[in-house]
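See structure below.
The values are calculated or read from the model by the stated rules, or taken from the named source; none is laboratory data. None of these values were measured; they are calculated from a predicted model. Here the Cβ is made from the backbone with ideal geometry for all residues, glycine too, and neighbour counts use every protein chain on show.
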Amino acid sequence: MRFFRPGFPARWLYPDATFRIKTNCQVLCLTFDDGPDPFSTPQLLDILRKHNIRALFFCNGKAAEEYPDLMNQIRSDSHAIGNHGYNHLDGWKTDSATYINDVIMASEFTSGNMFRPPFGRLSMKQKRSLSKTFKLILWDIMAYDFDRDFGRDKSLRILKNKIRPGSIIVLHDTASSSANAILEEFIIFAKKDGYRFEIIDDSFNPIRNRIIEKGEKS
């Protein structure tokens, strides 16, 4: 079963996490997980640059260490960078010490302020420890662009149908993702529908000083 929005369990487990930008304006935040990737990252950056959009990249520490030039390009294009762990561990299947050390190791190459847990899963002990240092950023829309069986047309349709003011959208910066194929069409659609794109920066300040909701109920 696929869930395109986080349900009540996620909001109950992580009440202090950020799922949306709290605003009545037509504002969206694009985020990309799992990069950088030598195939997909340059393409995503080209599209974002073409449309003058800044995004938030939750980078894998191992990939960030392997591709420092791509990390520099993300930064030079004024995008924000978040921490997505070093080895993409599942918090529900990993002991807390190993998991926390993995996130700390990734912070050297990514971010020491913002964290998105791989798979959106971490234990309460992991959350309590990491929340002392990191702001937990989840999402409002999951398009399943990483799932080849789902298909890019369905992913694009989910984006078009599910966006709402303040949506934080998660796509994926990997060679197997359909994000590169659907991103530009989605951006054009969203802009025509009156939306603009904003980001949350590395000090967790939404641009234009917008307030960020915590565990808002949908």
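Worth a mention:
- Any hit, the range 53-62, residues being farther than 26 Å from Leu156 by Cβ and basic (Lys, Arg): yes
- The listed residue being under 27 Å from Ser78 (Cβ atoms), of a type outside the set (D, E, K, R) and in contact with a Pro (Cβ under 6 Å, 6 or more places away or on another chain), out of Ile200, Ile168, Ile141, Ile187: Ile200
- At least 2 residues being touching a residue at least 60 places away in the same chain (Cβ under 8 Å) and among the aliphatic types (A, V, I, L, M) is the threshold, and among the helices (runs of 4 or more DSSP H) wholly inside the range 26-137 those reaching it are 40-50.
- One residue from Asn87, Asn72, Asn161, Asn83 being in contact with a Gly (Cβ under 8 Å, 6 or more places away or on another chain) and surrounded by fewer than 20 Cβ atoms within 10 Å (Cβ to Cβ): Asn87
- Residue within the range 99-119 that is of a type in the set (Asp, Glu), surrounded by fewer than 18 Cβ atoms within 10 Å (Cβ to Cβ) and touching a helix residue (DSSP H, G or I) at 6+ places or on another chain (Cβ under 7 Å) present: no
- Selection status of Phe119, within 18 Å of the chain's Cα centre (by Cα) and at negative phi: no
- Among (1) over 18 Å from the mean Cα position of the chain (by Cα); (2) more than 20 Å from Ala175 (Cβ to Cβ), the one test that Asp140 misses: (1)
- Output for the range 181-202, where each listed residue is modelled with pLDDT under 95 and farther than 19 Å from Arg20 by Cβ: Asp202
- Number of the exception - Arg5 against (1) of a type outside the set (Phe, Trp, Tyr); (2) farther than 19 Å from Lys160 by Cβ; (3) in contact with a helix residue (DSSP H, G or I) (Cβ under 9 Å, 6 or more places away or on another chain); (4) surrounded by fewer than 21 Cβ atoms within 10 Å (Cβ to Cβ): (2)
- Only listed residue being basic (Lys, Arg) and surrounded by fewer than 13 Cβ atoms within 10 Å (Cβ to Cβ), chosen from Lys50, Lys62: Lys50
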